[in-house]
Amino acid sequence: MATTSRRRLIRVNDLSDAALAELFARARAFETGEALPGGRLQGRFVVNLFYENSTRTRVSFEVAAKRLGAEVVNVTPAGTSVAKGESLVDTVRTIEANGPDVIVFRHQDSGAPEVIERETKAAVINAGDGSRGHPTQALLDAMTLQSTLQRERLDGLMVAMVGDVIHSRVARSNMDLLPRLGARVRLVGPSCFVADGFRDLGFEVAHDLEEGLRGCDVVMMLRVQLERHQGVSFGSTREYHRRYGLTKERLDRCAPQAWVMHPGPTNRGVEMTDEVMDDPRCLVRSQVEHGMFVRMAALDMLVSGGAA
Ligand code: ASP
């Protein structure tokens, strides 16, 4: 799957263009029932090593692995020796001694992937490392757009990513992936969350929501990553919502129509209102549904290689 010999999905750019196309094709085949999941990972052993909280990603990796027939063990700090102070290195060595085929990990430290890769021979999948990357989220976001718009390429699409871009691993991975699929990306938020320097990397930048939403086809809302703020002051959540919260009125002004996405968890009333969450233009549920197929495809490709 990877462009290197290592079986890894740490960053979106570990996927060559051919591997990316194969992953989407495989995910679609699982979705339509063209490819049958049963038994493909029979006898394989997947470890979900999650140092940070997760609902969607952990559940979806677990269901995906089980649908493919793998055995799954979930390891979280509470209830293991991590809570007794065991280091990441020693924890991975312990897991490695049990012979995993895949380690899916989430860690608050952006350097965790390198440590984990060094200590295991298993294939590794990044389910979120600090603010650096969350590749399967970007892949499921893209698949959601592909299936909503009924096309594989996203050429001409303007995606406005609104919120805490600087601290968001979801934004990072989407900034890697969306341009590869032909979409344009505009980053919208206060300057403490959206640096003007992003322009030098080829992204549009807007600090005003009205301006940021103008002409966009997709609004991708990002959660304010309070847990990653060190000395960042963005004011109160009420003030943030007043300036950057997505309301139905603001969404209605996107002409002719914009789809709404959010990786979850959503803070209703902060990033967007209940009304927007429940609006038919909101793709949050579809994102979760596509997550499982994307993760099935990623696990399948990493473990069994070959065509679907
Ligand atoms: N669930 C996503 C993540 O783990 C988004 C978020 O937490 O805001 O990065």
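Quick one: what pairs do we get from segment 252-278, first residue without any contact (Cβ under 8 Å) to a residue 60 or more places away in the chain and more than 22 Å from SER168 (Cα to Cα), second within 16 Å of the ligand (Cβ to nearest atom) and open to solvent by 20 Å² or more (accessible area, probe 1.4 Å), C-beta under 9 Å, 6+ apart or different chains?
ASP274/ARG268
Can you tell me which residue in segment 91-131 is nearest to VAL294 (Cα to Cα), limited to those that are open to solvent by 10 Å² or more (accessible area, probe 1.4 Å) and part of a strand (DSSP E or B)?
Going through the qualifying residues, I end up with ARG106.
Given (1) in a helix (DSSP H, G or I); (2) in contact with a Leu (Cβ under 9 Å, 6 or more places away or on another chain); (3) away from the ligand (no atom under 16 Å from the Cβ); (4) within 26 Å of ALA255 (Cα to Cα), where does ALA160 come up short, assuming only one miss?
Status for ALA160: all satisfied but (1).
Consider ARG285 carefully, then state whether it is over 30 Å from ALA21 (Cβ atoms), of a type outside the set (Asp, Glu) and surrounded by fewer than 17 Cβ atoms within 10 Å (Cβ to Cβ).
On the way: over 30 Å from ALA21 (Cβ atoms): no; of a type outside the set (Asp, Glu): yes; surrounded by fewer than 17 Cβ atoms within 10 Å (Cβ to Cβ): yes.
No.
Just to be sure, is GLU62 of a type outside the set (A, V, I, L, M, F, W, C), more than 16 Å from the ligand (Cβ to nearest atom) and modelled with pLDDT of 90 or more?
Working: of a type outside the set (A, V, I, L, M, F, W, C): yes; more than 16 Å from the ligand (Cβ to nearest atom): no; modelled with pLDDT of 90 or more: yes.
No; evaluated as a whole, the condition is false for this residue.
What pairs come up if the first residue lies in segment 48-61 and is within 20 Å of VAL115 (Cβ to Cβ), the second is among the β-branched types (Val, Ile, Thr) and part of a helix (DSSP H, G or I), and their beta carbons are under 7 Å apart, counting only those six or more places apart or on different chains?
LEU49/ILE95
Given (1) out of contact with any Phe, Trp or Tyr (no Cβ under 7 Å at 6 or more places or on another chain); (2) open to solvent by less than 30 Å² (accessible area, probe 1.4 Å), identify the lone condition not met by ASN48.
If we test ASN48 against (1) out of contact with any Phe, Trp or Tyr (no Cβ under 7 Å at 6 or more places or on another chain); (2) open to solvent by less than 30 Å² (accessible area, probe 1.4 Å), just (1) comes out false.
Out of segment 177-189, which residues are in contact (Cβ under 8 Å) with a residue 40 or more places away in the chain and either surrounded by fewer than 18 Cβ atoms within 10 Å (Cβ to Cβ) or in contact with a Ser or Thr (Cβ under 7 Å, 6 or more places away or on another chain) (or both)? Break it down stepwise before answering.
Taking segment 177-189 and keeping what is in contact (Cβ under 8 Å) with a residue 40 or more places away in the chain, we get 177-178, 180, 188-189.
Hit for segment 177-189 is ARG180, nothing else.
Return the residue satisfying two criteria in turn: it lies in segment 158-170 and is open to solvent by less than 10 Å² (accessible area, probe 1.4 Å), within 12 Å of MET261 (Cβ to Cβ) and among the hydrophobic types (A, V, I, L, M, F, W, C), and of such residues it is nearest to the chain's Cα centre (by Cα).
Quick first cut of segment 158-170, residues open to solvent by less than 10 Å² (accessible area, probe 1.4 Å) only: 158-165, 168.
Next cut, within 12 Å of MET261 (Cβ to Cβ) only: 159-163.
Next, only the ones that are among the hydrophobic types (A, V, I, L, M, F, W, C) stay: 159-162.
Values: VAL159: 16, ALA160: 16, MET161: 13, VAL162: 15 Å.
Of everything passing the filter in segment 158-170, MET161 is nearest to the chain's Cα centre (by Cα).
Output the residues belonging to segment 132-157 that are part of a loop (DSSP other than H, G, I, E, B) and either more than 11 Å from the ligand (Cβ to nearest atom) or among the polar types (S, T, N, Q) (or both). Don't jump to the end; show me each part of the working.
First pass over segment 132-157, keeping only residues part of a loop (DSSP other than H, G, I, E, B): 132, 134, 150-157.
Passing the criteria: GLN150, ARG151, GLU152, ARG153, LEU154, ASP155, GLY156, LEU157.
Only one of these conditions is not met by ALA78: (1) open to solvent by 50 Å² or more (accessible area, probe 1.4 Å); (2) more than 16 Å from the ligand (Cβ to nearest atom); (3) more than 13 Å from ILE116 (Cβ to Cβ); (4) modelled with pLDDT of 95 or more. Which number is it?
All conditions pass for ALA78, except number (4).
The values are calculated or read from the model by the stated rules, or taken from the named source; none is laboratory data. None of the values given here were measured: they were computed from a predicted structure. Every residue, glycine among them, receives a Cβ derived from its backbone with ideal geometry; neighbour counts consider all protein chains shown. Side chains included, ligands, DNA and RNA excluded: accessible areas come from the protein's heavy atoms. Shrake-Rupley method; radii C 1.70, N 1.55, O 1.52, S 1.80 Å.
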